[in-house]
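Data first, discussion second: the structure below is written as structure tokens.
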Amino acid sequence: MNDPKPCVGCGYCCHTAPCGVSVRIYGNGIEKCPELIWKDNRYSCRLMGLPGKQGEHYREELYAGEGCCSGLNDWRQNVKNRGIEIEKESSIPEIPEVMQTLLRRMAGDPFLLTSDNVYLLCSGFKSDLVKEGWTKEASIEFVKNMKHIMYEHRCQVTENFMG
């Protein structure tokens, strides 16, 4: 068996077979993962770039740094943007560790959150951030990161409610 080759960021895997994390978040049937971004002349996973324990969790689950398991694909020799929008420099602050802890706790409480609660909480929070001077785009991305944390830490009882 050959040793895995280092990842070159060609995007082949995420374009052709979205990972388990992507399927959990976006459901079956997506053609290419919405979290795949083109940045610095290579593809990368936005989920693995999340700060704190959430990003660590995704990097561990997706075997970041372990190498390419599709080493014979043609894309490795021709790394190029294959139709994914170029990522802009982010001005979105990291979610502080203490807030990540709170979100994980909230998501794990079977009686606290339903999908309606999450929707209302996040919608109101986005509006509050804009009132505080955030751009609409930054507030949307920040809340999206919050939702990822909550989604990944929901308890089994609320899984049907949170999707």
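Read-outs throughout are calculated quantities, based only on the coordinates presented, and are distinct from any laboratory measurement. Here the structure is a predicted model, which is why all the values come from computation and not from measurement. All Cβ positions, glycine included, derive from the backbone under ideal geometry; neighbour counts span all protein chains shown.
Things to note:
- Relative to the current alpha-carbon distance between Asp109 and Arg59, full extension at 0.36 nm per residue lengthens the span by 15.5 nm.
- Cross-link pairs exceeding 26 Å in C-alpha to C-alpha distance, out of Lys5/Lys32; Lys53/Lys147; Lys5/Lys80; Lys39/Lys144; Lys80/Lys147, comprise Lys80/Lys147.
- Estimated FRET transfer efficiency (Asn28, Ser70; beta-carbon r; R0 25 Å; 0.05): 0.75
- Sorting 29-40, 72-83 by average packing, meaning the other beta carbons within 10 Å per residue, from highest down gives 29-40, 72-83.
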